[in-house]
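Participant: Let me begin by handing over the structure; questions about it come next.
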Amino acid sequence: TMLPLLLLLLAAAHGLDGLTDLKAPVLASTSLGGRITTSTFVLDQPRCIFTNVPKDTVIWLVVADPKAVPDFNNSVEPGGPGREFQQFLNSTLAYMTLNTTILNYPCPKNPGDITVLRVGSETSCAKDKTRPTCNGPLPGPGPYQVKFLALNGSKPVAQTRWSDRITLRTAQPSGSIAVPGSGHSAGMIALTSILSILFAILLAGLVAML
Amino acid sequence: MAKSDDGIRILQGLLVFGNVVTGMCGIALTAECIFFVSDPHGLYPLLEATENDDIYAAAWIGIFVGFALFALSILGIVAVIKSNRTLLLVYIILMLITYAFEMASCITAVTQRDFLTPNLFLKQMLERYNKSEADNNNDKWMTEGVTKTWDKLMLQNQCCGVQGASDWQEYTSAFRRTHSDADYPWPHNCCVMNAQGSPINLDGCKLGVPGYYNSNGCYDAISGPMNTHAWGVAWFGFAILCWTFFVLLGTMFYWSRVEY
């Protein structure tokens, strides 16, 4: 009876389509000033995460609206119908971008290297429909969820878990900055009153002397 | 009679001394105010754009008051030595007028200093820096002044924004309308520059890697010179006026003792 139970546990540990769920993407260190802006965010590269994949695997980043996370289909072609960046949040709820081979994420990473991925940095192709996998600026403050997906050809071979929800900054209108009316400091009040008294004494002296 | 003669002599000596000090202080005030008006830190366009540059008006008044004090102190010395009642009366009246002007200058300088808060400069920077459409010629002039001043400030002092680089992220701005957030999370002048004036690592600057961009704010670089300016005019003027008060009182007393 132990064997069926063990098999059940093993099956549950794999994703629905049999892929192992590896460690989810995380935002980069808080020492980066541009970690989250109003249209971009910065993730740590997936170093030493995809350990058992063939050398010619391509790692894609999936950016999705949280509504698309529960029934996300790994087999849809990146940039294909339903996955165009230019339609993100219009007619599609997810897109894939930042594709690169696993060789660009060597493990272990050199200490002192800043290994990050900036999501939203490509502004030149943001409106270019011929580039549906563009890494364009995000259209709103989100929230968004991301994961890495490893494709061999067009077959998914590994994926990470979905990240926590990432919410971008919202800029307050500059007109809302309160410019308080002049509050008078103690120095100003002291100076004004002392000078006024001195001047009054001088005028009194002038009148008395004439 | 000898005793009161001595008394008068002492008073004369004191008044001459008082006038000498007033004259020298007048020259010092003129020099100090000329220095402030020359705007060595190039911050005047920021004040101009607040449409309230009273600190500069106070410095201008200070220049003329200082010169007037010098001239009047010479008149005072002559009047005291000659014991001439008419001259003394003229001296007293003119000094009182100068006193009033200097009072105005001091009070203006110290009042306007209270008006210059970080939020004021923040709002001005966000609304004017790199603003593309101007309402009228005056607006265009002020916008250009603010933009050039901020560019120079950020380059020379290695700083960004008023309180920090995050100012550009936390608030909308005229800059943001023409420069996308992905390409310019903050202006490129916030990046650490090499000797040729271009960023040493533009991607590092956009990412916000410490060492490739300046995250500290420029408020200290603005408020330091403005404080010196305002306090220099206001409190030095105050000290001169206190001294002049005693000299004038002495002169009035002397006038009432001089015989026709």
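Participant: Of the conditions (1) within 28 Å of the chain's Cα centre (by Cα); (2) within 13 Å of chain A (Cβ to nearest Cβ); (3) surrounded by fewer than 17 Cβ atoms within 10 Å (Cβ to Cβ), B:T98 fails just one. Which one is it?
Facilitator: So the condition that B:T98 fails would be (3).
Participant: Taking the stated definitions as given, is B:F121 surrounded by fewer than 21 Cβ atoms within 10 Å (Cβ to Cβ) and either polar (S, T, N, Q) or under 29 Å from B:G237 (Cβ atoms) (or both)?
Facilitator: So B:F121 fails the test.
Residue-by-condition table, conditions (1) under 24 Å from the mean Cα position of the chain (by Cα); (2) farther than 30 Å from B:W141 by Cβ; (3) among the charged types (D, E, K, R):
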{"residue": "B:N19", "(1), (2), (3)": "no, yes, no"}
{"residue": "B:E32", "(1), (2), (3)": "yes, no, yes"}
{"residue": "B:L43", "(1), (2), (3)": "yes, no, no"}
{"residue": "B:Y56", "(1), (2), (3)": "yes, no, no"}
{"residue": "B:I61", "(1), (2), (3)": "yes, no, no"}
{"residue": "B:F70", "(1), (2), (3)": "yes, yes, no"}
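Participant: Would region B:37-48 turn up any residue that is assigned to a helix (DSSP H, G or I), open to solvent by 40 Å² or more (accessible area, probe 1.4 Å), within 14 Å of chain A (Cβ to nearest Cβ) and hydroxyl-bearing (S, T, Y)?
Facilitator: No: region B:37-48 contains no residue that is assigned to a helix (DSSP H, G or I), open to solvent by 40 Å² or more (accessible area, probe 1.4 Å), within 14 Å of chain A (Cβ to nearest Cβ) and hydroxyl-bearing (S, T, Y).
Participant: Filter region A:76-106 down to the residues that are surrounded by 13 or more Cβ atoms within 10 Å (Cβ to Cβ), hydroxyl-bearing (S, T, Y) and part of a loop (DSSP other than H, G, I, E, B) and list them by number.
Facilitator: Of everything in region A:76-106, just one residue is surrounded by 13 or more Cβ atoms within 10 Å (Cβ to Cβ), hydroxyl-bearing (S, T, Y) and part of a loop (DSSP other than H, G, I, E, B), namely A:Y105.
Participant: Restricting to region A:155-178, name every residue that is within 30 Å of A:I49 (Cβ to Cβ), of a type outside the set (D, E) and within 23 Å of the chain's Cα centre (by Cα).
Facilitator: A:A158, A:Q159, A:T160, A:R161, A:W162, A:S163, A:R165, A:I166, A:T167, A:L168, A:R169
Participant: Okay, moving on. Cβ contacts < 6 Å: first residue closer than 11 Å to B:Y99 by Cβ, restricted to region A:189-202; second residue not aliphatic (A, V, I, L, M), any location; separation 6+ or different chain. Result?
Facilitator: Qualifying pairs under 6 Å: A:L198/B:F245.
Participant: Out of the residues in region B:226-249 that are open to solvent by 30 Å² or more (accessible area, probe 1.4 Å) and more than 10 Å from chain A (Cβ to nearest Cβ), state the one that is farthest from A:M188 (Cα to Cα).
Facilitator: Only one residue tops the list, namely B:W243.
Participant: Out of everything in region A:172-207 that is polar (S, T, N, Q) and outside any loop (DSSP other than H, G, I, E, B), what residue ends up being most open to solvent (accessible area, probe 1.4 Å)?
Facilitator: A:Q172
Participant: Which residues, counting only those in region B:167-198, are within 11 Å of chain A (Cβ to nearest Cβ), open to solvent by less than 40 Å² (accessible area, probe 1.4 Å), within 17 Å of B:T147 (Cβ to Cβ) and part of a helix (DSSP H, G or I)?
Facilitator: B:D167, B:W168, B:A174, B:F175, B:C190 - these are the residues of region B:167-198 that are within 11 Å of chain A (Cβ to nearest Cβ), open to solvent by less than 40 Å² (accessible area, probe 1.4 Å), within 17 Å of B:T147 (Cβ to Cβ) and part of a helix (DSSP H, G or I).
Participant: Being part of a helix (DSSP H, G or I) and surrounded by fewer than 21 Cβ atoms within 10 Å (Cβ to Cβ) is the filter here, so list the residues in region B:154-166 that pass it.
Facilitator: Within region B:154-166, B:L155, B:Q156, B:N157 meet the criteria.
Participant: Now a separate question. Looking at (1) within 50 Å of the chain's Cα centre (by Cα); (2) under 30 Å from B:L116 (Cα atoms), find the lone condition where A:S196 falls short.
Facilitator: Unmet for A:S196, out of (1) within 50 Å of the chain's Cα centre (by Cα); (2) under 30 Å from B:L116 (Cα atoms): (1).
Participant: Can you find a residue that is assigned to a loop (DSSP other than H, G, I, E, B) and within 10 Å of chain A (Cβ to nearest Cβ) anywhere in region B:199-210?
Facilitator: So far as region B:199-210 goes, yes, one or more of its residues are assigned to a loop (DSSP other than H, G, I, E, B) and within 10 Å of chain A (Cβ to nearest Cβ).
Participant: Shifting gears a bit: Have a look at B:Y56, B:Y91 and point out the one that is assigned to a helix (DSSP H, G or I), open to solvent by less than 50 Å² (accessible area, probe 1.4 Å), within 14 Å of chain A (Cβ to nearest Cβ) and of a type in the set (F, W, Y).
Facilitator: Selected residue: B:Y91, the only one of B:Y56, B:Y91 that is assigned to a helix (DSSP H, G or I), open to solvent by less than 50 Å² (accessible area, probe 1.4 Å), within 14 Å of chain A (Cβ to nearest Cβ) and of a type in the set (F, W, Y).
Participant: Using the structure shown, decide if A:Y95 is under 24 Å from B:V209 (Cα atoms) and either out of contact with any Phe, Trp or Tyr (no Cβ under 9 Å at 6 or more places or on another chain) or not small (G, A, S) (or both).
Facilitator: So A:Y95 fails the test.
Participant: Among B:E144, B:E51, B:E133, which is the only one that is surrounded by fewer than 18 Cβ atoms within 10 Å (Cβ to Cβ), more than 14 Å from every other protein chain (Cβ to nearest Cβ), of a type in the set (D, E) and part of a loop (DSSP other than H, G, I, E, B)?
Facilitator: Step by step, each of B:E144, B:E51, B:E133 is checked, and only B:E133 is surrounded by fewer than 18 Cβ atoms within 10 Å (Cβ to Cβ), more than 14 Å from every other protein chain (Cβ to nearest Cβ), of a type in the set (D, E) and part of a loop (DSSP other than H, G, I, E, B).
Participant: Also, quick follow-up: Only one of (1) at pLDDT 85 or above; (2) under 25 Å from A:I49 (Cα atoms) fails for A:I114. Which number is that?
Facilitator: That leaves (1) as the condition not met.
The values are calculated or read from the model by the stated rules, or taken from the named source; none is laboratory data. Note that the structure is a prediction, hence the values are computed from the model and not measured. Note that each Cβ is placed from the backbone with ideal geometry, even for glycine, and that neighbours are counted across all protein chains shown. Ligands, DNA and RNA are stripped out before the accessible areas are found, and what is left, the full protein with its side chains, is counted by its heavy atoms. Shrake-Rupley method; radii C 1.70, N 1.55, O 1.52, S 1.80 Å.
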